[in-house]
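Engineer: Quick one: structure below, then a few questions.
The values are calculated or read from the model by the stated rules, or taken from the named source; none is laboratory data. Quantities reported herein were computed from a predicted structural model and do not represent experimental measurements. Cβ: placed from backbone, ideal geometry, glycine included. Neighbour counts: every protein chain shown. Remember, those area values only see protein heavy atoms, side chains included, never the ligands or the DNA or RNA. Shrake-Rupley method; radii C 1.70, N 1.55, O 1.52, S 1.80 Å.
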Amino acid sequence: LGVQWRYSLYNQDITLGSNGNGLVPSLPVQQAAAAGPTWVSQGGTTTTFSTLDNNKTPTSGIRSQLSQDIAGLGGDVRFLRTTGDTRYYQQINSDVVAMVRGQGGYITGWGGGQVPLINNFFGGPTMVRGFAPYGFGPRDLTPGSTHDNVGGSTYFATTAELQSGIPGLPDEYGLRATAFVDAGSVFRYTGPTSFAGQPILVADKNIVRSSVGVGLTWASPFGALTVDYAVPLSKAAYDVVQPLRFSAGGF
């Protein structure tokens, strides 16, 4: 059982570029860009409980984390954010390990403050593989706009995964294959729904996105390198998919 305390101070900003297709960015994104740079001063804590037999390549045990942050210790914004992530590992036989995972989070403003768009949760491959970064979640579908993902205040995701060594290859090579099923959602957009009297059309249904896929992970000297291929099983019509994904570090 461990507890980590932290404090961070950073400046965040959104800059608009040219998309070259004649469409304009969604109004929430324009508003966030017009607000200019903002300072975020926040403190937080993370509590971790772990019974894993091996932190790098676990085969049994549980690892659970709860993180809470409060922004508004000075700075320009005020919000409270809570996230949780729990993984359970169980060895099936000498070569196969099963893993199940659940994660979720919630963010809200306090003291009359509104959560900046950039601090919202955005659905992507770290929640459900097979989707692009910012690929799902509340989206501004106002005609004539670029249909940007505007983020949500709540998310959840689950994973069931089988991990196995590669038959015929020694464990020293550090290669492992995976087969997985992911499901999750991001929802509850809390920003404005009209700007200067002009309404926007935000699609914000709690639709569960899911996918099934396979992957290959190499425990390289520089950290875990992973390639996944996932096929979405359920999605919204406006979601953006990305079946093939390369990543560094753990999923």
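Engineer: Would you call Phe180 under 18 Å from the mean Cα position of the chain (by Cα), open to solvent by 30 Å² or more (accessible area, probe 1.4 Å) and at pLDDT 95 or above?
Structural biologist: no
Engineer: Give the stretch 24-34 a look and list any residue that's among the hydrophobic types (A, V, I, L, M, F, W, C) and open to solvent by less than 80 Å² (accessible area, probe 1.4 Å), or say none.
Structural biologist: The answer is Val24, Leu27, Val29, Ala32, Ala33.
Engineer: Which ones in the stretch 214-227 are touching a residue at least 24 places away in the same chain (Cβ under 8 Å) and either of a type in the set (Ser, Thr, Tyr) or in a strand (DSSP E or B) (or both)?
Structural biologist: Within the stretch 214-227, Val214, Gly215, Leu216, Thr217, Trp218, Ala219, Ser220, Gly223, Ala224, Thr226 qualify.
Engineer: Which ones in the stretch 146-167 are open to solvent by less than 10 Å² (accessible area, probe 1.4 Å) and small (Gly, Ala, Ser)?
Structural biologist: Gly151, Gly152, Ser153, Ala157 - these are the residues of the stretch 146-167 that are open to solvent by less than 10 Å² (accessible area, probe 1.4 Å) and small (Gly, Ala, Ser).
Engineer: Applying the selection to the stretch 142-172, what residues are under 21 Å from the mean Cα position of the chain (by Cα) and in a loop (DSSP other than H, G, I, E, B)?
Structural biologist: His147, Asp148, Val150, Gly151, Ser153, listed by residue number.
Engineer: Pairs, please: C-beta under 6 Å, at least 6 apart or cross-chain, first residue closer than 17 Å to Gly215 by Cα and of a type in the set (Ser, Thr, Tyr) and in the stretch 123-150, second open to solvent by less than 10 Å² (accessible area, probe 1.4 Å) and modelled with pLDDT under 95?
Structural biologist: Every condition considered, no pair remains.
Engineer: Can you confirm whether Asn21 is open to solvent by 80 Å² or more (accessible area, probe 1.4 Å) and either part of a strand (DSSP E or B) or farther than 30 Å from Pro167 by Cβ (or both)?
Structural biologist: Yes; evaluated as a whole, the condition is true for this residue.
Engineer: I've got another one for you. Of all residues in the stretch 228-240, how many are open to solvent by 60 Å² or more (accessible area, probe 1.4 Å) and not in a loop (DSSP other than H, G, I, E, B)?
Structural biologist: Of the residues in the stretch 228-240, 3 are open to solvent by 60 Å² or more (accessible area, probe 1.4 Å) and not in a loop (DSSP other than H, G, I, E, B).
Engineer: Filter the stretch 189-213 for residues that are of a type in the set (Gly, Ala, Ser), in contact (Cβ under 8 Å) with a residue 60 or more places away in the chain and either more than 22 Å from Thr108 (Cα to Cα) or surrounded by fewer than 15 Cβ atoms within 10 Å (Cβ to Cβ) (or both) and give the result.
Structural biologist: Once the filter is applied, which keeps residues that are of a type in the set (Gly, Ala, Ser), in contact (Cβ under 8 Å) with a residue 60 or more places away in the chain and either more than 22 Å from Thr108 (Cα to Cα) or surrounded by fewer than 15 Cβ atoms within 10 Å (Cβ to Cβ) (or both), the stretch 189-213 yields Ser210, Ser211, Gly213.
Engineer: Return the pairs, sorted by first residue and then second, in which the second residue is assigned to a strand (DSSP E or B) and modelled with pLDDT of 95 or more, the first residue lies in the stretch 70-99 and is at positive phi, the beta carbons are less than 7 Å apart, and the residues are 6+ apart or on different chains.
Structural biologist: Close Cβ pairs (under 7 Å, with a partner that is assigned to a strand (DSSP E or B) and modelled with pLDDT of 95 or more) amount to Gly74/Ser41; Gly75/Trp39; Gly75/Val40; Gly75/Ser41.
Engineer: If we only count strands (runs of 3 or more DSSP E) wholly inside the stretch 39-141, which ones have 3 or more residues that are open to solvent by 20 Å² or more (accessible area, probe 1.4 Å) and aliphatic (A, V, I, L, M)?
Structural biologist: In the stretch 39-141, 61-71, 96-109 are the strands (runs of 3 or more DSSP E) which contain 3 or more residues that are open to solvent by 20 Å² or more (accessible area, probe 1.4 Å) and aliphatic (A, V, I, L, M).
Engineer: Answer yes if at least one residue in the stretch 45-65 is under 25 Å from the mean Cα position of the chain (by Cα), over 29 Å from Gly223 (Cα atoms) and of a type outside the set (Phe, Trp, Tyr), and no otherwise.
Structural biologist: Checked the stretch 45-65: no residue is under 25 Å from the mean Cα position of the chain (by Cα), over 29 Å from Gly223 (Cα atoms) and of a type outside the set (Phe, Trp, Tyr).
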